[in-house]
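Below: one structure, written as structure tokens.
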Amino acid sequence: MTTTPPKAKKTTSRFSERLAAVPTKPGIYIMRGAKGQVLYVGKSSSLRNRLRSYFSSPKSLVGKTRDLVKAITDFEFIVTESEQEALLLENSLIKKHQPRFNVRLKDDKTYPYIKVDLSEDFPRVYITRRAANDGSRYFGPFASAGSVRKTLDLLNRLFPYRTCTKAITGTDARPCLEFHIKRCNAPCTGYSSKTEYRDVIEQVLMFLDGNTREVVNEIKSAMGDASESLEFERAAALRDRLRAIERVYEGQKVVGMGRENMDAIALATAHDEAWVEIFFIRQGNLVGRDHFIMQGTRDSSVAEIVGQFVQQFYDSASYIPRTILIPEPIEDTEILEGWLATRRDGPVEFATPQRGAKKRLVEMVEENASQGLKQLEIKMLSNDSLMQGAMTELEEQLNLPRTPRRIECYDISHIQGTNVVASMSVFTDGKPNSSQYRRFKMKHTQNNDDFSSMKEVLERRFKRLAAAEEARAKGEETDAKSFGETPDLVLIDGGKGQLSAAQETLLQLGVIDVPLASLAKKEEEIFLPDSPEPVVLPRNSQALFLVQRARDEAHRFAVTYHRNLRSKASTQSALDLVPGVGPKRKRDLVRKFGSVKGIREADLEQLASTPGMTRKLAEKIKEYLG
């Protein structure tokens, strides 16, 4: 006779009375763990039946669901008026809580969009991570900023819109390099009128919408008008743009698609992740493709993963096509179609093609998903293997007491003793952990004494560590975050002198169990305390690459911080010396010319034309800034 495992029996009996009282109405349910954390969010047309299915026979559950049930200590539910309302609420809660047992888009909160701000007289086309109902046009979401930059680079090669942020007056004396390389039609100089510039933006919008043929026809018409008006230079520029667009257009054609608008989705799975590939077909042309990573996919079917992707992706998508091709039929098709139809303001249909051009298209998308996942796995495996080998090599070569899973590297940055700053880069398991990076503005060291600066930095860092350890020993919570972690290796950028100063500081603080080393730039030698000879790692050593990268990251972080402070100081001091330039005028000048250098290089007429400026004051600025 088969018996229910003790854990399952206990859970079922504990919830039996509550389950009997759950309504049979549609809604969502939330499973919680021992600490109250959200483990899973689901929806159902009948809450009672769905919840009972979790706590019946464990043999009927797949592995991931069995693990979920074991971890459940409580549940709650919300009744909704319809299944579509439940779908929206489920999607919202998954995005908010990112429950580990749900199939979910990886980092979906940060997906970027392309924005065309139509409220501007001379609209710009740029990246944003927030789509708002502000009258602008948005395109996306894209999987990464890299995907957006590729698209923007193509757009700017085809359409000469401005990428600068300066105020456009049409009175600038000369255009910038972007005009000369045919990536801007220079409205700043008046070379392009507001109407002509708007025509370019309209072509950008049509191209992003997939209306390539309309763009081609419009440019052909403009080219003909320019020829008839004997504007041969403009006609030649339009001809070159037309050829470039037609080359892209030819590469976009998808055989057998007619002039349909559709998205084609397919995926490949491995372990607890899935690579979802999506192709965007507009007017029968492949205008773009992207991929997204779904997490928590273990024991999930293709249909379930696709269904969750559809919910989460199209919830924030700027465009929803008439047809969505998918590899397998999904659950709740009618509910999803109704929801998407409301968002699109028109009918939406899911289709699983069985033959013909659409079937071949889905297979092509599926092949791309498989290849993408394979490359991702190779890359991850390679990186993990290399980093583990690098850490093991460091442990052996530097005689460390343990594997250096957390490496902290420190660097000092200044110019002739001004704005002395320091940085701490952190590498965890051989990879940069940028959220743990920290920067320091010197409080007690204001000259070019690197030894004193390093001493101050290490004192501040390890006093914070001691405070965090003391708080933990008392059972108190600490907000030390990065400073509350004990490093397995402290790396100093410098030679023997820097190392000696650092060692003395740690000994004074009573820190004797944190390994210390320094990396000298000239020969890339690693110096260790109490060791007369440096450690020289092979030039092709992964361990050397690891410490070099940690050092370079610390240096980059310190230099960036120092540059920001220096720029801020120079902006304030240079303009503050000019009589008659107050905060408002200074803000207007920097906004128009970008920096003090830009103000210095501007001619007298450009300065005088700035709102709030006079010619006399412009002359005074030129005199003071030289």
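The numbers here are math on the coordinates, done by the rules we state, and not lab data. Since the model is a prediction, treat every value here as computed from it, not as a measurement. Cβ coordinates were reconstructed from backbone atoms using ideal geometry, including for glycine residues, and neighbour counts include every protein chain displayed.
Given a cut-off of 32 Å, name the pairs among K481/K584; K474/K496; K25/K95; K441/K521 whose C-alpha atoms lie farther apart than that in the structure shown.
Listed pairs above 32 Å: K481/K584; K474/K496.
N433: net charge of surrounding residues, Cβ under 12 Å, Lys/Arg +1, Asp/Glu -1, itself excluded?
Summing Lys/Arg as +1 and Asp/Glu as -1 gives +1.
When you count, for each residue, the other Cβ atoms within 10 Å and take the mean per peptide, how do 196-205, 578-587, 77-86 rank with the highest first?
196-205, 77-86, 578-587
Give me C184, C176, C409 ranked fewest to most by other Cβ atoms within 10 Å of their Cβ, as a rough exposure proxy.
C176, C184, C409
Can you find, among S385, N368, G356, the residue farthest towards the positive end of the dipole of segment 355-396? Put +1 on the C-beta of Lys and Arg, -1 on that of Asp and Glu.
G356
I'd like to know which of T297, S609, H555 lies farthest towards the positive end of the charge dipole of the chain, counting +1 on Cβ of Lys and Arg and -1 on Cβ of Asp and Glu.
Comparing the listed Cα positions along the dipole, S609 ranks first.
Under 12 Å Cα to Cα from K115, which aspartates and glutamates show up? Leave out anything in the same chain fewer than 8 places away.
Those aspartates and glutamates meeting the cut-off are D134.
How much net charge surrounds L51 when only other residues with a Cβ under 11 Å from its Cβ are counted (Lys, Arg +1; Asp, Glu -1)?
Value of the local net charge: +3.
How much length would be gained if the chain were fully extended between E533 and Q371, taking 0.36 nm per residue of separation minus their Cα-Cα distance, in nm to one decimal?
53.4 nm
R0 = 56 Å: FRET efficiency of E304 with F232, Cβ-based, nearest 0.05?
About 0.40, to the nearest 0.05.
Segment 69-112 to segment 142-197: how many Å between their Cα centroids?
Rounded to whole Å, the Cα centres lie 42 Å apart.
What is the magnitude of the charge dipole of segment 6-102 about its Cα centre, with +1 placed on the Cβ of each Lys and Arg, -1 on the Cβ of each Asp and Glu, and no other charges, expressed in debye to the nearest 20?
So the dipole magnitude of segment 6-102 works out to roughly 580 debye.
Is the C-alpha gyration tensor of segment 577-625 telling us rounded, prolate or oblate? Criteria: a/c under 1.5 is rounded; beyond that, a/b larger than b/c is prolate, otherwise oblate.
rounded
Treating only the Cβ of Lys, Arg, Asp and Glu as charged (+1, +1, -1, -1), what charge dipole size does segment 577-625 show about its Cα centre? Round to the nearest 20 debye.
So the magnitude is around 260 debye.
Hey, what number do you get for the chain at 222 nm if only DSSP H runs of n ≥ 4 count, each worth -39500 (n - 2.57), divided across all residues, to the nearest 500?
Helix-only estimate at 222 nm: -15500 deg cm²/dmol.
When R234, R282 are ordered from fewest to most other Cβ atoms inside 10 Å of their Cβ, what list results?
The fewest-first ordering by Cβ neighbours comes to R234, R282.
When Lys and Arg each count +1 and Asp and Glu each count -1, what net charge do the other residues less than 15 Å away from A266, Cβ to Cβ, add up to?
-3
With a ≥ b ≥ c the root eigenvalues of the C-alpha gyration tensor of segment 113-252, is it rounded (a/c under 1.5), prolate (a/b larger than b/c) or oblate?
Oblate, since a/c reaches 1.5 and b/c is not below a/b.
Could you size up the charge dipole of the chain around its Cα centre, putting +1 on the beta carbon of Lys and Arg and -1 on that of Asp and Glu, and report it in debye to the nearest 20?
Value, rounded to 20: 980 debye.
Cα centroids of segment 527-552 and segment 476-502: how far apart, whole angstrom?
17 Å
Where a ≥ b ≥ c are the square roots of the eigenvalues of the C-alpha gyration tensor, would you call the chain rounded, which needs a/c under 1.5, or, failing that, prolate if a/b is larger than b/c, or oblate?
Oblate, since a/c reaches 1.5 and b/c is not below a/b.
Going by how many other beta carbons lie within 10 Å of each one, how would you line up Y138, Y410, fewest first?
Ascending Cβ contact count within 10 Å gives the list Y138, Y410.
Among all the lysines, which ones have a C-alpha under 20 Å from K359's C-alpha, if same-chain residues fewer than 8 places away are not counted?
Once the sequence-local lysines are set aside, what remains near K359 is K253.
Straight-line reach only, C-alpha to C-alpha below 22 angstrom: list the lysines that K586 could link to, leaving out same-chain residues fewer than 8 apart.
Hits, sequence-local ones excluded: K166, K568, K597, K616, K620, K622.
With a point put 7 Å past each Cα toward its Cβ, work out how far E214 is from E605 in nm, to one decimal.
So the two model labels end up 4.0 nm from each other.
Label-point separation (nm) for A357 and S53, each offset 7 Å from Cα along Cα-to-Cβ?
3.9 nm
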